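Read through the structure below, which is laid out as structure tokens, and then see the notes.
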Amino acid sequence: MNQPSRLRRVVGVGSRFLVVGGLSTVIEIGVFNLLVYGLDWNVVAAKLVASAVALVNAYFGNREWTFRHRDRRGRASELLLFLGANVACTALGAGIVWAGVGAAHVLLGREPGAVAVNLVNLVSIGIVVLVRFALYHWVVFPSSSKTRDAEAVVGADLPRP
């Protein structure tokens, strides 16, 4: 497959991933803020729960839309890989929130407010999105040679710039 075709394929998959991720992010931020500011939860506990809630949307959106043409090795195996990737990504996100809120506390000399906490949360989400896409693309929903050919056909239907 030539480089432009490969790029179109990755852009198509990446675009669908971002749509699913955008919706999951809205869910995650909403749940996070509800727990932290509505129910007075700890930010790390809220991050873990909010990520878990958004995870359900992410699995179905990515399996059934983003990576629908990918190899289906079996739901159990795929779900275990998906959960493993997301446990790692959730831990990474929680670690970034913990370190960022701690750093903001030191820099500000007081407890950071909602704006600072949400900025830290958004940075964590941005970093985790990149790691998560790589894991989904190459580990959780890998493409076999048959699915690469199918994706090339689907990508051929895309308008050319």
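Testing the spin-label approximation: label points 7 Å from Cα along Cα→Cβ at residue 10 and residue 37. State their distance in nm.
Simple spin-label model gives 3.8 nm for this pair.
If I take every Cα pair under 8 Å that is 6 or more residues apart in the stretch 1-94, average their sequence separation and divide by the length, what percent do I get for the relative contact order?
32
Taking 0.36 nm per residue of separation and subtracting the Cα-Cα distance, what length does fully extending residue 56 through residue 92 add? Mind dumping the intermediate values first?
Numbers: separation 36, 0.36 × 36 = 12.96 nm, distance 1.83 nm.
Between residue 56 and residue 92, full extension yields 11.1 nm more.
Could you give me the ³J(HN,Hα) list for the stretch 47-60, computed from phi with Karplus coefficients 6.51, -1.76, 1.60 and θ = phi - 60°, whole Hz, x at Gly and Pro?
Karplus values, whole Hz, x for Gly and Pro: 4, 5, 5, 4, 5, 5, 5, 5, 4, 4, 4, 4, 4, 5.
Between residue 18 and residue 106, how high is the FRET efficiency from 1/(1 + (r/R0)^6) when r is the Cβ-Cβ distance and R₀ = 30 Å? Nearest 0.05. Let's see the in-between values first.
Working: r = 33 Å, r/R0 = 1.12.
Using R0 = 30 Å, I get an efficiency of 0.35.
What does the convex hull of the Cα atoms of the stretch 44-102 come to per residue, in Å³, rounded to a whole number?
Given the Cα convex hull of the stretch 44-102, per-residue volume reads 77 Å³.
Would you work out which of 5, 25, 118 lies farthest towards the positive end of the dipole of the stretch 3-156, given +1 charges on the beta-carbon of Lys and Arg and -1 on that of Asp and Glu, about the Cα centre?
After comparing all options, I get 5.
Near residue 85, within a Cβ-to-Cβ distance under 13 Å, what is the net charge of the other residues, with Lys and Arg +1 and Asp and Glu -1? Kindly include the intermediate steps, with their values, before the conclusion.
Working: positive: 63, 132; negative: 78.
Net local charge, residue 85 excluded: +1.
Once you have the Kirkwood Rh of the chain from its Cα pairs, apply Stokes-Einstein at 25 °C and 0.890 mPa s and quote D in µm²/s. Present the calculation step by step, with values, prior to reporting the outcome.
On the way: Rh = 17.0 Å.
Stokes-Einstein gives a translational diffusion coefficient of 144 µm²/s.
Relative contact order of the chain, please, whole-number percent, based on alpha carbon pairs below 8 angstrom and at least 6 residues apart. Intermediate values should be presented prior to the final figure.
Values: 128 pairs, mean separation 48.2, N = 161.
Normalised by residue count, the contact order of the chain is 30 percent.
Once phi is turned into ³J(HN,Hα) by the Karplus curve 6.51 cos²θ - 1.76 cosθ + 1.60 with θ = phi - 60°, what whole-Hz value does each residue of the stretch 87-101 show in order, with x for glycine and proline?
5, 4, 5, 5, 5, 4, x, 5, x, 5, 4, 4, 5, x, 5
Computed from the coordinates by the stated procedures, all read-outs in this text should not be read as laboratory data. Everything numeric here is computed off the predicted structure, so don't read it as measured data. Heads up, the Cβs are rebuilt from the backbone with ideal geometry, glycines too, and the neighbour counts pull from every protein chain shown.
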